[in-house]
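Q: Questions regarding the structure given below will be posed in turn.
FYI, it's all coordinate maths here, none of it is from the lab. All figures in this text were calculated on a predicted structure; none of them were measured in a lab. So basically every Cβ, Gly included, is an ideal-geometry build from the backbone, and we count neighbours across all protein chains shown.
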Amino acid sequence: MTHPIDLENVEMKINRDHPILKSFLAGSFSGTFSTILFQPLDLVKTRLQNRVNTSVESPRNGMLGTVANIIQKENVFGLWKGMTPSITRVIPGVGLYFSSLHWLKHALDLEESLTALQAIALGITARSMSGALLIPITVVKTRFESGVYKYNSISEALWLIYKQEGVRGLSSGLVPTLLRDAPYSGLYLMFYTQLKSAATKTGTMSESQMPVHFSCGILAGILASVVTQPPDVVKTKMQLYPNEFNGIYRATFLVYKKYGVLGYFKGIVPRMLRRTLMTTMAWTVYEQLTKQIGLK
């Protein structure tokens with residue numbers, strides 16, 4: 001005799017037994033959606049940072065000029081170059097980040113409302129774990145976006161980099177990547193949780209949660225992006241030209257020597273737009289999904 005399946009009990013069992021898996025899936029979905037939408041901004045940022053001559057400023061050298069040049073030479077779909085490695089990195093990367101946060105919160109028995117210090121520590125730890133694991137895909141993604149390398153696929157790129165540059169090539173830019181991503185995630189989580197807490201105290205959160213989540217995310221993203229822009233430039237140079245920019249100290253010095261202080265902030269506008277909007281959308285979608293699937 002066949003017994004009817006109690007869907008409510010099944011859902012409760014999944015919520016109880018697989019919270020980390022559910023946070024991973026929710027994070028992956030939110031990250032994938034935002035990556036597809038904002039990939040052009042990441043591509044433009046990489047192209048701006050790859051410019052050899054930054055001493056001559058003209059409309060053609062700016063963000064809109066770069067967009068127009070890409071469309072003219074590669075058509076509008078050229079703005080999504082590097083999408084495959086971006087998605088390959090984001091699906092496990094954002095999933096690992098959110099599931100790591102969920103696991104760390106419960107393992108350390110922390111309250112939902114984090115202190116500023118707790119938020120920074122959790123954000124840095126979770127991002128360092130996912131960033132270190134996925135650095136080879138980050139290298140491939142940067143090279144795809146630059147227009148300098150002509151790889152046919154991710155697997156070919158990984159093989160050629162390993163063959164020509166070894167393990168060092170696959171992990172090039174790891175330190176500046178972590179110096180960029182880990183503090184960004186820590187600062188973002190700190191600003192985001194503190195702003196959200198302030199909104200809750202004023203009663204704004206109870207009225208309309210999604211717009212408040214989005215507004216807090218935008219402000220948190222802008223603040224975190226400015227602080228972490230220099231490591232992003234150094235990371236890009238190391239991953240595109242590993243023979244010349246071979247080491248974080250040398251790369252940092254060469255960026256200053258070639259482009260001056262402003263060189264550390266090349267591509268800040270598209271990166272700020274992309275990181276802020278992408279992270280904000282990912283967190284907003286994640287917050288809504290976790291509520292729907294019973295993680296909150």
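Q: So what is the relative contact order of region 18-292, in percent, for Cα pairs below 8 Å that sit 6 or more residues apart? All intermediate terms of the calculation are to be shown ahead of the outcome.
A: Details: 386 pairs, mean separation 75.2, N = 275.
So the answer I get is 27 percent.
Q: Then there is this: Under 17 Å Cα-Cα from LYS291, which lysines qualify once same-chain neighbours fewer than 8 residues away are excluded?
A: Here the lysines satisfying the reach criterion relative to LYS291 are LYS13, LYS22, LYS105, LYS196.
Q: Then there's this: How many nm separate the modelled label positions at VAL167 and LEU133, each set 7 Å beyond the Cα in the direction of the Cβ?
A: 1.9 nm
Q: Taking Cα centroids, how far is region 117-162 from region 211-249 in Å?
A: When both Cα centres are located, 13 Å separates them.
Q: Using just the helices of the chain, give the 222 nm mean residue ellipticity in deg cm²/dmol: DSSP H runs with n ≥ 4 each add -39,500 (n - 2.57), and the total is spread over all residues, rounded to 500. Spell out each step's value before the answer.
A: Details: 13 runs with 227 residues, N = 296.
The helix contribution divided over the chain gives -26000 deg cm²/dmol.
Q: Calculated from the structure, percent of Cα pairs over 28 Å apart equals which of (1) 41; (2) 36; (3) 45?
A: Of the labelled values, this structure produces (1).
Q: Dipole magnitude of region 18-292 about its Cα centre, charges +1 at Lys/Arg Cβ and -1 at Asp/Glu Cβ only, in debye to the nearest 20?
A: 800 debye
Q: Now for a different question. Between VAL76 and ALA198, what is the label-point separation in nm under the 7 Å Cα-to-beta-carbon projection?
A: So the label points at ALA198 and VAL76 sit 4.0 nm apart.
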